[in-house]
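Each remark here refers to the structure printed beneath this line.
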Amino acid sequence: MKLTVRDAAEMFGVPEGTVYRWIEEGSIPVYKLRDQHRFSRSELLEWGTAQGLSLSPALLREHEASARGSLPRIAEGLARGGVYFAVPGETRESALRAVVSRLPLPDEVDQEFLYDILVAREAVGSTGIGDGIALPHVRSPIVLHVEEPLVSLCYLEKAVDFGALDGKPVHTIFTLVTPTVRTHLHLLARLALLLRNSGFHDAVMAKTSPEVLLRLARDLESSVLRGAQGGGS
């Protein structure tokens with residue numbers, strides 16, 4: 001779907017004039033179709049996350065409103081995928097291999113294949129979004145034969161250079177494994193929104209207990225869902 005300037009402004013909760021300024025600066029991914037500016041939702045989400053911009057809850061409300069059934073939540077995926085501490089790795093590649101080895105994947109999933117996907121994805125562009133955190137790419141979802149999506153959080157034993165935009169080494173890696181691209185985009189949007197919340201972000205940075213993280217995620221996602229059901233009022 002190609003979004004308009006108004007859609008992009010609503011996505012980030014900014015005035016349309018701000019979006020036009022980003023266009024003039026050449027800092028935002030945009031297309032010119034019949035003399036009108038159009039945006040790709042996935043590219044905007046990836047760009048906004050990398051820029052550290054706040055994402056409007058309206059981004060999720062559209063998903064919730066259009067879904068035929070209830071969409072998965074970060075808390076559910078994280079409960080399945082797990083939180084892991086002191087994950088070893090001296091390089092980006094060895095750290096990613098350690099991350100893959102901790103994922104509770106079905107037996108039929110080839111871990112070596114998944115590792116190759118992660119390494120190839122990093123070669124295209126760093127998943128380091130800054131502040132020592134790495135998030136999956138929007139345009140490179142990991143879609144495998146899993147019944148339910150997995151969200152894992154790995155804290156590295158030693159921070160590793162991932163070529164992040166802010167130059168800081170990565171110490172915290174989120175990994176999403178989903179059954180569909182739609183699920184990937186939905187969960188990534190939710191995760192990006194959660195990380196813009198100071199309480200959840202601080203809890204992640206403090207390496208708090210999985211129980212606390214899950215509770216915070218459930219509370220925040222429930223708040224967003226209530227807003228979706230109430231039409232954003």
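Kindly evaluate L165 against the criterion of being surrounded by 22 or more Cβ atoms within 10 Å (Cβ to Cβ) and either over 26 Å from S209 (Cβ atoms) or not assigned by TED's automatic domain parsing to the domain that holds W47 (or both). Taking the combined requirement at face value, the residue does not satisfy it. Of all the numbered requirements in (1) part of a loop (DSSP other than H, G, I, E, B); (2) closer than 21 Å to P179 by Cα; (3) of a type in the set (A, V, I, L, M, F, W, C), A164 misses one, and that requirement is (2). Of all the criteria given as (1) surrounded by fewer than 14 Cβ atoms within 10 Å (Cβ to Cβ); (2) at pLDDT 85 or above; (3) not in a helix (DSSP H, G or I), the one not satisfied by G69 is (2).
Selection of the range 198-233 for residues being among the small types (G, A, S), modelled with pLDDT of 80 or more and touching a Lys or Arg at 6+ places or on another chain (Cβ under 8 Å) yields only A217. Of all residues in the range 147-161, those being of a type in the set (D, E), in a loop (DSSP other than H, G, I, E, B) and either without any contact (Cβ under 8 Å) to a residue 24 or more places away in the chain or surrounded by 13 or more Cβ atoms within 10 Å (Cβ to Cβ) (or both) number 2. For the range 132-146, the condition holds for at least one residue, the condition being that it is outside any loop (DSSP other than H, G, I, E, B), of a type in the set (G, A, S) and buried (at least 16 other Cβ atoms within 10 Å of the Cβ). Among the residues of the range 178-197, are any touching a Phe, Trp or Tyr at 6+ places or on another chain (Cβ under 9 Å), closer than 20 Å to V83 by Cα and modelled with pLDDT of 95 or more? No, that holds for no residue.
The values are calculated or read from the model by the stated rules, or taken from the named source; none is laboratory data. Fair warning: this is a prediction, and the values are worked out from it, not measured in the lab. Heads up, the Cβs are rebuilt from the backbone with ideal geometry, glycines too, and the neighbour counts pull from every protein chain shown.
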